[in-house]
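Everything on this sheet refers to the single structure shown next.
What follows is calculated from the coordinates using simple rules that are stated; it is not laboratory data. None of the values given here were measured: they were computed from a predicted structure. Every residue, glycine as well, gets a Cβ built from its backbone with ideal geometry; the counts of neighbours run over all protein chains shown.
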């Protein structure tokens with residue numbers, strides 16, 4: 001593990017593996033960098049991969065108050081550690097953060113996005129007050145309730161499934177990340193596909209989706225790719241939101257090497 005200091009003094013931890021052109025990995029919501037370990041291992045045969053913990057997760061620090069701009073600065077700090085520019089891959093809400101970073105002028109050479117969870121216009125949106133809901137529950141020490149809210153109200157899991165999840169050994173680690181759910185909710189905003197923001201992203205971008213868990217993810221991916229000046233879309237048959245790294249990695253390698 002290595003660390004880098006972000007602009008506001010926060011320590012950001014990352015793993016570096018492989019040799020070649022640099023690629024930085026951005027994890028999604030309710031997870032830390034370990035969620036990207038499989039992708040990192042597959043890419044390390046061809047690239048120098050920097051897989052970092054977003055602030056508030058894993059081995060990274062967390063300086064309050066939270067702001068999306070601080071997370072963008074974290075990405076810039078990791079890219080600086082990579083050599084000054086890098087390909088950037090983000091998963092789920094991490095894909096949205098990666099998109100924001102690229103639009104903000106962070107030195108990204110190519111951008112790859114896995115299932116950014118923007119919701120098509122005709123579908124219902126998650127609750128508008130989810131940030132305040134998370135913050136209230138965390139302040140009251142109800143971390144498990146915050147995770148349950150995320151799983152039921154945002155992901156749409158049945159309550160009985162979540163009740164069973166709360167008995168699993170991994171639940172404690174998920175509760176440990178519960179305060180970051182509000183961070184990702186801020187990143188997602190109202191979940192509308194950001195066509196205006198996408199139009200400002202000039203770097204080559206690929207939007208990838210499976211759609212096995214959420215079929216509308218394909219519609220979102222296509223709409224976002226269409227809004228990007230240099231965007232393409234790729235669908236991976238049979239892949240759910242928790243994508244198989246062995247299926248995803250060849251697509252990323254082809255895109256980053258092109």
Exercise. For the chain, what's the relative contact order in percent, using C-alpha pairs closer than 8 Å and at least 6 residues apart?
Worked result: 19 percent
Problem set entry | Full-extension gain in nm, residue 153 to residue 37, via 0.36 nm per residue minus C-alpha separation | 39.0 nm
Exercise. Can you tell which of 131, 49, 106 shows the greatest fluctuation in a Gaussian network model of the chain with Cα springs below 10 Å?
Worked result: 131
Exercise. Simple spin-label model, 7 Å along Cα-to-Cβ: residue 230 to residue 19 in nm?
Worked result: 2.8 nm
Problem set entry | Fraction of alpha-carbon pairs over 28 Å apart in the chain - percent | 29 percent
Seminar exercise, completed: If one builds a Gaussian network model of the chain from Cα atoms under 10 Å apart, the most fluctuating residue listed among 211, 29, 189 is 189
Problem set entry | Of 248, 25, 123, the one that fluctuates the most in a GNM where the chain has Cα springs shorter than 10 Å | 123
Seminar exercise, completed: Counting only DSSP beta bridges fully inside the range 1-84, the antiparallel percentage to nearest 5 is 65 percent
Seminar exercise, completed: Of 35-44, 135-144, 10-19, 195-204, ordering from highest average Cβ density within 10 Å down gives 35-44, 10-19, 195-204, 135-144
Problem set entry | Relative contact order for the range 43-159, counting Cα pairs under 8 Å that sit 6 or more residues apart, in percent | 16 percent
Problem set entry | 5 Å binning of all Cα-Cα separations within the range 128-183, expressed as whole percents from 0 upward | 4, 21, 33, 25, 15, 2, 0
